[in-house]
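Structure first, commentary second.
The values are calculated or read from the model by the stated rules, or taken from the named source; none is laboratory data. Computed from a predicted structure; not experimentally measured. Using ideal geometry, Cβ is built from the backbone for each residue, glycine included, and neighbour counts are taken over all protein chains shown. Side chains are part of the model used for accessible areas, which takes the heavy atoms of the whole protein and leaves out ligands, DNA and RNA. Shrake-Rupley method; radii C 1.70, N 1.55, O 1.52, S 1.80 Å.
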Amino acid sequence: MFDLTLALGLFTILMCVGNALSGRLKITFAGAAEEIAFSVFLGTGAIGLCVLFLGLLGMLHPWPVIALLALSIAVSRRSFAKLYKVIRESIHRATLTRETTLVALLFTALLLLLILRAATPPNAPDELIYHLPVTKAFVDHGKVYPMFDNSLGNLPFLVHMIYALCLMAGSDIAARLFSLFLATATALALYGFCSRYLTRRVGVVSMFAFFAAGMVVEVAITTRIDVSLAGFLFLSTYAMINHLETEKTGWLWASAVLAGFGLGIKHSAGIWLLLIGVMYLFTLIKKRRRVLAVLGQGLVYAMVCAAVASPWYLKNYFWFHNPVYPLITGEVAEFGPQGIRYFDANDERRLDAHFNVARSEIPDVVKTQEQELTAAINSRVERHPLRWWEFFLKPNTYLMAEPNHYPNYLFLLIPLLVFLRKPGWVVWLLVLSLGFVLAVTWTTWIARYLLPAYPPLTIVAAYVITAISERVSVLRNLPIYLLAGALGVVVAASILSIRKFNSLSFVTGSTSRRDVLLPFTYYKPIHFINTQLPPDARVLIVGTQLNYGIERPYMSDESWFATKWRRLLVRSNSLAEVNEDLKQQGFTHILYSPGIFTYAAAMGTRGTGGMDLIATDLQDASDEARRLGPEYQLLRNWSTFT
């Protein structure tokens, strides 16, 4: 109950703050769902930025945070009563008839099921690699600082600032629940959009259909941020459409602020925002607005968006001379009072020299390792992400350690829009989504990166399903059957997951957190470290990415490229010097797993998004490096460490 109360309490405060901000923007809402959704996302972004500033000032401690929340409550106190009235009236309207009451109860039951899933200890790979470990490090140190030991912590972390409040209160489960609540607010936004521009029936279908995608559910119940990003980008689009429809400038600035928040969550938001810009220019020029006025207003929009997002990129520019660190440049080779330095050609030659020593001293081992990597490469699944139908026909091909991340199969009905009346904004939502999907699949094959397109595509699919059922009388109940089938798969997977993790026993207190986690292979070495190593132990990690929960000082290995090991090699002339260096840094133990090297070879670095952009460029390296390609550095790291 503490986790749930904490998450709901934060959610309420942020919603009221966002509602107060919407009042400052003089936004007029068309319904309760619209008001709640915009309030939630505006408040989340605003307080997230405030927490970031506290962290940058070294004030990420309980009392400054309590003062921030108290101030937030004070400035938004009028919104508490206002939103209470809005929610109470919404519940009353939702229970006026037997049909609406049934719909409300079904959605509540679905939400309770997902809450039960989110209320379990974190276990998804990405949240164990960096979402939670980095956020916890910020909380433990009381500040946001350059993450040299977990480079992924230097990515935009807006929603993580809210997670930090949960971790400060001692609850990582509350962070998972808050993520789910943001997904629920996104579903309400879909209903609000449809109520304004289509029909409430389409809105109800879209609200349920949003959770009919396994991918949405599996991400929403964790501290990963792709569904939250989808919500921010959809609300930004929603606000822009409201501006284009009503010509109220408040909606334009709301869209710009939400767009900036989106860029503060993930770099790929930039793709979607460029597409919004195209919609903005095309629509206003089509209405015969003056070109200079349209361009001027668009420029101000871009400036507001950039200003809101800028803290995440400016801090990286000052710390790493790279606003999108560690992307493009890879991780730094050296850092300290003397400044930072990236890996260069001299480092590559030094690493090659260490590799040559390994080949001369353990030639059979190196040969075996190369054979294992080659076998992993040869077993690599062939992927063609531009063949969009394969995401539906072969979904597991486009997943990375992500079970049940299935697409929304209701999207397969979208082509039937050709035979139906096409409302203008539905067409624009489809165009934006297809443009985003094309841009993403051009460079990466990971299906989860397509989640920002899911909210608008859900509306398009819901419109198609509803329109068909209304045109053909015999298909009047088509939405019910389709939603039942799609949600049935998600509900069945959720029930199996609840049984697997003993969620009911954990929530009721009859099963401990340790008992839930011990069956996981990744947790066993963590449990050993926490219980068997002395308190002054320090652990170097090579090849093991899932490190959340270690209670001893450690240096993580969050990528596929063993950067911490490479840093040791480039500043040492021999392995004896590496050994001495480790001792001087206070390392007493090493947690090592070679599986990461063959796994990375099987996945392949090309097309993996983040790993692809962090990988070292070996174009000017040795002939052997060019022969083996990106996998050469995997072999070199594996062999030298062995």
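Among the numbered conditions (1) open to solvent by less than 30 Å² (accessible area, probe 1.4 Å); (2) part of a loop (DSSP other than H, G, I, E, B); (3) modelled with pLDDT under 95; (4) aliphatic (A, V, I, L, M), the only one that ILE498 does not meet is (2). If the condition is being farther than 28 Å from VAL507 by Cα and surrounded by 18 or more Cβ atoms within 10 Å (Cβ to Cβ), then segment 1-24 contributes CYS16, VAL17, GLY18, ASN19, ALA20, LEU21, SER22.
Just one of LEU54, LEU71 is more than 30 Å from GLY203 (Cβ to Cβ) and either acidic (Asp, Glu) or surrounded by fewer than 16 Cβ atoms within 10 Å (Cβ to Cβ) (or both); which is it?
Working: LEU54 fails: either acidic (Asp, Glu) or surrounded by fewer than 16 Cβ atoms within 10 Å (Cβ to Cβ) (or both).
Within the list LEU54, LEU71, the selection yields LEU71.
Is there any pair linking a residue in segment 320-334 that is open to solvent by less than 10 Å² (accessible area, probe 1.4 Å) to one that is acidic (Asp, Glu) and modelled with pLDDT under 95, with Cβ under 6 Å and at least six apart or on different chains, and which? That search, which allows pairs on different chains as well, returns ALA333/ASP347. For segment 255-267, indicate whether the set of residues that are touching a His at 6+ places or on another chain (Cβ under 8 Å) and assigned to a helix (DSSP H, G or I) is non-empty. Scanning segment 255-267, I find at least one residue that is touching a His at 6+ places or on another chain (Cβ under 8 Å) and assigned to a helix (DSSP H, G or I), so the answer is yes.
Would you confirm, using the coordinates I've provided, whether LEU152 is out of contact with any Pro (no Cβ under 7 Å at 6 or more places or on another chain), more than 21 Å from TRP63 (Cβ to Cβ) and surrounded by fewer than 24 Cβ atoms within 10 Å (Cβ to Cβ)? In short, yes. Of everything in segment 601-613, what is open to solvent by 20 Å² or more (accessible area, probe 1.4 Å) and either assigned to a helix (DSSP H, G or I) or modelled with pLDDT of 90 or more (or both)? Give them in sequence order. Matches in segment 601-613: ALA602, MET603, GLY610, MET611, ASP612, LEU613.
When THR616, THR598 are checked against the criterion of being β-branched (Val, Ile, Thr), within 24 Å of THR443 (Cα to Cα), open to solvent by 20 Å² or more (accessible area, probe 1.4 Å) and not in a loop (DSSP other than H, G, I, E, B), a single residue qualifies: THR598. Filter segment 387-421 for residues that are open to solvent by less than 70 Å² (accessible area, probe 1.4 Å) and over 25 Å from the mean Cα position of the chain (by Cα); which is farthest from LEU451 (Cα to Cα)? Residue satisfying both the conditions and the ranking: LEU420. If you check GLY424, GLY435 for being open to solvent by 20 Å² or more (accessible area, probe 1.4 Å), free of Cβ contacts under 8 Å to residues at least 24 places away in the same chain and of a type outside the set (A, V, I, L, M), only one passes: GLY424. Consider ILE541 carefully, then state whether it is under 29 Å from THR616 (Cα atoms), under 27 Å from the mean Cα position of the chain (by Cα) and either part of a loop (DSSP other than H, G, I, E, B) or free of Cβ contacts under 8 Å to residues at least 40 places away in the same chain (or both). So ILE541 does not fit the description; no.
Inside segment 508-538, can you point out the residues that are under 30 Å from PRO630 (Cβ atoms), out of contact with any strand residue (DSSP E or B) (no Cβ under 7 Å at 6 or more places or on another chain) and touching a residue at least 60 places away in the same chain (Cβ under 8 Å)? Quick ask: steps written out before the conclusion?
Step one: filter segment 508-538 for residues under 30 Å from PRO630 (Cβ atoms), giving 520-522, 525-526.
The next check asks that each one be out of contact with any strand residue (DSSP E or B) (no Cβ under 7 Å at 6 or more places or on another chain); those that pass are 520-522, 526.
Listed by number, the residues that qualify are PHE520, TYR522.
Inside segment 123-149, residues that are closer than 20 Å to TYR522 by Cβ, over 13 Å from the mean Cα position of the chain (by Cα) and surrounded by fewer than 21 Cβ atoms within 10 Å (Cβ to Cβ) make up a count of 4.
This table checks each residue for (1) farther than 18 Å from PHE210 by Cβ; (2) assigned to a helix (DSSP H, G or I).
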| residue | (1), (2) |
| --- | --- |
| ILE414 | no, yes |
| ARG421 | yes, no |
| LEU438 | yes, yes |
| PRO456 | no, yes |
| ALA462 | no, yes |
| ILE468 | yes, yes |
| GLY485 | no, yes |
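Exactly one residue among ALA358, ALA302, ALA259 is surrounded by fewer than 19 Cβ atoms within 10 Å (Cβ to Cβ) and either at positive phi or among the small types (Gly, Ala, Ser) (or both), and that residue is ALA302. Counting just the residues of segment 546-589 that are aromatic (Phe, Trp, Tyr) and more than 17 Å from ASN637 (Cβ to Cβ), which one comes out most open to solvent (accessible area, probe 1.4 Å)? Top of the filtered list is TYR554.
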